[in-house]
Amino acid sequence: MLPALLRLSLRRALLALPLVLAVIAFTFFLIRLAPGDPAAILAGEAPTPEFLAQVRAEYGLDQPAWRQFVAFLGKAMTGDFGTSIYSKQPVFTVILERFPATVLLTGTAMVIASLIGILLGAASARRAGSRADALISAASLVGYSLPGFWVGQLLILLFAVSLNWLPAGGMVAARGSYTGWRHVEDVAFHMVLPVATLAVFLLTMIARFTRAAMVEALDQDYVLVAEAKGASRRRVLWNHAFRNAAVTTVTVIGLEFGMVLAGAVVVEIVFSWPGLGRLFYDAIHRRDFALLTGAFMFSSLVVIVVNMVSDIGCAMLDPRIRR
Amino acid sequence: MSAPLLSIRELGVSFPRKEAPSTTVVEGVSFDIMPGEIVGIVGESGSGKSMTARSVLRLLPKSAELSGSIRFRGREIPEMTDEEIRDMRGALVSMVFQDPMTSFNPVLRIGDQIGEAIALHDRARRGRRALRDRVAKLLALVGIADPAERARSYPHEFSGGMRQRALTAMAVANSPALLIADEPTTALDVTVQDQVLSLLRELNENSGTAILLITHNIAVVASLCRRVIVMYAGRVIEDGPTDEVLTAPRHPYTWSLLQSVPRIDQAGTRLTAIKGQPPDPATPLAGCKFHPRCPWAEQRCGEQEPALSPIGEAHGVRCWLPMNGIAAAAQ
Amino acid sequence: MTLASPLPTRPAWVTRPLTVLAAVRRQPAAGVMGALLVLVTILGALLAPFLTAADPLALGSDTLAEPSWAHPFGTDDLGRDVLARVLYGGRVSLGIGLFSAAISVGLGMTIGMVAGFFGGLLDEVLMRITEAFQILPKLLVAVVVVSLIGSGLLNEILVIGLLSWPATARIVRGRVQVIRHEEFIAAAEMSGAGPVRLLARHIAPNVLSFLLVSASLQVASAIMSESFLSFLGLGDPEHPSWGLLLQQGQLFLQQAWWLTTFPGLALAMTVLGLNLLGDGLSGSHAAPARSRR
């Protein structure tokens, strides 16, 4: 099994490579296509002549277009996204500094949303057509339709402003820096609202797709066969129906991960969470285009990798996809 | 005579509807199955034969309403608790379904699915090894070569015939007293059909498993069953020894059914399809359910429904004007 | 469906009344409610001048005022009337949503029909491109593009429209593949109809009916995308949309709840209405499973 999966992973990685190249090429042409001097764009507003020259040299902007592209590609592939005009630090360093916070936020939300979403979707599918199903379906459609940042804002208004139970933003308390266990507690306390906001969107999406896939799976012959074998309803639901529906759930998480990341961006802005999303916001407002394009290429890479992993996960779940 | 293994009396299955009379798909069905007997149920699709079979394992849709009595070894199946019925399913009574392509869970190994059937009823809690050995033995029994290796395959790696054999292996894993086979050969090629039928016959001869065979194929019944039950519009309309029913049918429906089957000994004669459609169970129909299509129907056929009444040794028919058998052959 | 232990070979007359009943019981209600919500927001946007006398851009001296009779939704930090801003903002949000959806549905339909009709290598190439577009984080692409080429209504419409077509393309392609093999197409082909005629006269009408579903879901998604861009500060300040109002609200979240509550409510209502309408039109309560197989 392992060699087969290894082969599959390599194949998927090979398929993902053109996509990565396309993202880099797209970014390159976008910078050249934008009105104005590419060097000026990358160097930000009113750069010093020295900095402008540095940028020009760094990107080889005095060279012919194709050499510029090769240089850009080579640098991007090795993680050299240029220098941030605002912090004067390499863009990649800035991104890596912020990335863990985003992983913590999206990872936690993803785990919670998957658990609840799958349970709700399965509960709904099992009672398809009942009142409980209608209620869950309606609630998930409402949740799916709410703009993420607005949910976050409402949660702040309720739990931070009115009730004053939870912090409105940030990752750690402003006063006093905690260490050790107290630090973990502090971060967890600050995570409650942003994670809840992001999870609402995610879990409604997962619940909707899981329900549809489970309804379909429960209608299959093998479910009846399993019942005829004497399997309990719970066993039929999870070992048979869900094992099949999980393929859809995993596919959807992979395909929609771009939306998840975009959701994380707005949630980070609403809650001043110091991650990649906040970086996007700052880069836009400081017109720090090297940082913006760098963060974009990096996020795209993350999305492509997650999608690849979900592909491999599907193949592990469904032997018919393994080829 | 010994006590029947399965005894069904006045079985009814209906689907309640809102603000309308409920749709009745099975009504007044009664028959017995003796230990070790092979009984066939024939009928068109929608005749209620599958619903009757599923009632035995209580595998009906949730909205279905069951009435009447189903006794297995003297125990009332409709009165069993969920746990009791689960203990019975797959152990004492098991089922083989129509479509071998969709009856296996596509994401689980064949061997694991057969193993599940054993483990669910395994009080001794055998270990994984013993379970694997048992699965391999079962696959060998149904004629799958290299069984230990094939047990690790996934359903899509099996051909249709192999899947139906594996499905049969799964159904007999716990040596059930009764095997219900719902159209086990319909989805298969003719050559594979024969293999599956001989497999069923061997099972019956070697382990004494009684078989209830649901089919719309009269040839299958003729080759396997000693007794046949003919169903139409949710009712048993004829029940008797296979050779008698097939050569000298007493019910006009059975007769027309036989007329529509091609026969080697009557090559060259025209096949006659039965005119008209079976009645829609959602709209009530007075009298005999077959009267609108029956060439011999009289006035009372459309007014009052006949009962299933004996017409010879172990032979019953639900008709006001049963055919005399000799006339049928001459028709 | 109200069946707990489903049967594989349920006769059609057993299942059909049940499914139809279930559908009749639930779908239209959802669809009608969706249509009503959408109608309310459209009317609000169209009739804005009759519903409020206030000018959405006129500054006032009464800044950050709580909702009152004079200003039912309160005022913002520059004393502008929030009710007027929400009503007129609907014109911007709905307009961008409508035009972007027109682009994405048109593009998706064309690509899907061509891929599904011609098949072969062309289909393979088009579907690879579609897949790539579907995987890429479209909102982040939009952010980078709009940041670099500049904000403005037209740019927003173009960017959102050009990034949102894959979902429609995939559905249309699947549908066309089914229709392609039906007899009336073969008949038309035999009577000498060329591919253009086949696509335009015979296939397009069959796809149109369910483009309505796609369109209402696409408008919802485009409105959401626009609010995302505006929330990140890439909206057009000359034409404030609901997203832009919410971005302003974020700055005064702790002082003025009305700045976020009302525009958000309008946005959520519209998107929910459009999603309900789309679901109701498609006749299926759950979102269609998007399988790769």
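Taken over region A:205-247, the criterion of being surrounded by fewer than 24 Cβ atoms within 10 Å (Cβ to Cβ), within 32 Å of the chain's Cα centre (by Cα) and among the polar types (S, T, N, Q) is satisfied by A:239, A:244. Exactly one residue out of A:256, A:268 is without any contact (Cβ under 8 Å) to a residue 60 or more places away in the chain and of a type in the set (D, E, K, R): that is A:256. The residues in region C:264-273 that are more than 8 Å from chain A (Cβ to nearest Cβ) and either in contact (Cβ under 8 Å) with a residue 12 or more places away in the chain or hydroxyl-bearing (Ser, Thr, Tyr) (or both) can be counted, and the count is 4. Is there a residue being at pLDDT below 85, part of a loop (DSSP other than H, G, I, E, B) and not small (Gly, Ala, Ser) anywhere in region B:246-262? Yes, the conditions are met somewhere in region B:246-262. Only a single criterion out of (1) within 14 Å of chain A (Cβ to nearest Cβ); (2) of a type outside the set (Asp, Glu); (3) out of contact with any helix residue (DSSP H, G or I) (no Cβ under 9 Å at 6 or more places or on another chain) is not satisfied by residue C:134, namely (3). Region C:143-240 holds helices (runs of 4 or more DSSP H) entirely within its bounds, and those carrying 2 or more residues that are farther than 30 Å from residue A:284 by Cα map to C:166-180, C:183-190, C:204-231.
Filter region B:10-68 for residues that are open to solvent by 30 Å² or more (accessible area, probe 1.4 Å) and in contact with a helix residue (DSSP H, G or I) (Cβ under 6 Å, 6 or more places away or on another chain); which is nearest to residue B:89 (Cα to Cα)? For region B:10-68, the residue satisfying everything is B:58. Is at least one residue of region B:73-82 within 30 Å of residue B:156 (Cα to Cα) and not assigned by TED's automatic domain parsing to the domain that holds residue B:155? Scanning region B:73-82 turns up no residue that is within 30 Å of residue B:156 (Cα to Cα) and not assigned by TED's automatic domain parsing to the domain that holds residue B:155. For region C:92-106, the criterion of being within 14 Å of chain A (Cβ to nearest Cβ), buried (at least 21 other Cβ atoms within 10 Å of the Cβ) and either closer than 30 Å to residue C:63 by Cβ or touching a Gly at 6+ places or on another chain (Cβ under 6 Å) (or both) is met by at least one residue. Total residues in region B:83-95 satisfying the condition of being open to solvent by 20 Å² or more (accessible area, probe 1.4 Å), more than 8 Å from every other protein chain (Cβ to nearest Cβ) and part of a helix (DSSP H, G or I): the figure is 2.
Restricting the first member to region A:304-323 and to residues that are closer than 10 Å to residue A:5 by Cα, and the second to residues that are basic (Lys, Arg), the beta-carbon pairs closer than 9 Å and six or more apart or on different chains are A:312/A:12; A:315/A:12; A:315/A:322; A:315/A:323; A:316/A:322; A:323/A:11.
When residue B:59 is tested against the conditions (1) within 11 Å of chain C (Cβ to nearest Cβ); (2) under 25 Å from residue B:225 (Cβ atoms); (3) part of a strand (DSSP E or B), the lone failure is (3).
For region C:178-200, state whether one or more residues are within 14 Å of chain A (Cβ to nearest Cβ), surrounded by fewer than 20 Cβ atoms within 10 Å (Cβ to Cβ) and not aromatic (Phe, Trp, Tyr). No, region C:178-200 contains no residue that is within 14 Å of chain A (Cβ to nearest Cβ), surrounded by fewer than 20 Cβ atoms within 10 Å (Cβ to Cβ) and not aromatic (Phe, Trp, Tyr).
Counting residues in region B:120-141 that are facing chain A (nearest Cβ under 10 Å), in contact with a Lys or Arg (Cβ under 8 Å, 6 or more places away or on another chain) and either modelled with pLDDT of 90 or more or open to solvent by 20 Å² or more (accessible area, probe 1.4 Å) (or both) gives one or more. Checking A:67, A:56 one by one, the residue that is crowded, with 16+ Cβ neighbours inside 10 Å and among the basic types (Lys, Arg) is A:56 and no other.
Go through the residues of region A:169-176 one by one and say whether even a single one is touching a helix residue (DSSP H, G or I) at 6+ places or on another chain (Cβ under 7 Å), outside any loop (DSSP other than H, G, I, E, B) and open to solvent by 10 Å² or more (accessible area, probe 1.4 Å). No. Taken over region C:231-260, the criterion of being open to solvent by less than 30 Å² (accessible area, probe 1.4 Å), closer than 17 Å to residue C:73 by Cβ, within 11 Å of chain A (Cβ to nearest Cβ) and not aliphatic (A, V, I, L, M) is satisfied by C:242, C:243, C:249, C:258, C:260. Taking the criterion of being within 14 Å of chain A (Cβ to nearest Cβ), open to solvent by 40 Å² or more (accessible area, probe 1.4 Å) and either under 30 Å from residue B:61 (Cα atoms) or at pLDDT below 80 (or both), the only residue of region C:29-52 that qualifies is C:29.
Taking helices (runs of 4 or more DSSP H) as the structural unit, those lying wholly within region A:46-135 and holding at least 1 residues that are at pLDDT 85 or above, within 30 Å of residue B:62 (Cα to Cα) and out of contact with any Gly (no Cβ under 8 Å at 6 or more places or on another chain) correspond to A:91-126.
Taking helices (runs of 4 or more DSSP H) as the structural unit, those lying wholly within region A:229-323 and holding at least 1 residues that are farther than 26 Å from residue C:163 by Cα and within 11 Å of chain C (Cβ to nearest Cβ) correspond to A:243-255, A:289-317. Mind telling me which of the residues A:51, A:29 ends up being without any contact (Cβ under 8 Å) to a residue 60 or more places away in the chain and closer than 16 Å to residue A:294 by Cα? Testing whether each residue is without any contact (Cβ under 8 Å) to a residue 60 or more places away in the chain and closer than 16 Å to residue A:294 by Cα leaves just A:29.
The values are calculated or read from the model by the stated rules, or taken from the named source; none is laboratory data. These numbers were taken from a predicted model, which means no experiment stands behind them. Every residue, glycine as well, gets a Cβ built from its backbone with ideal geometry; the counts of neighbours run over all protein chains shown. Note: areas computed on protein heavy atoms with side chains; ligands, DNA, RNA excluded. Shrake-Rupley method; radii C 1.70, N 1.55, O 1.52, S 1.80 Å.
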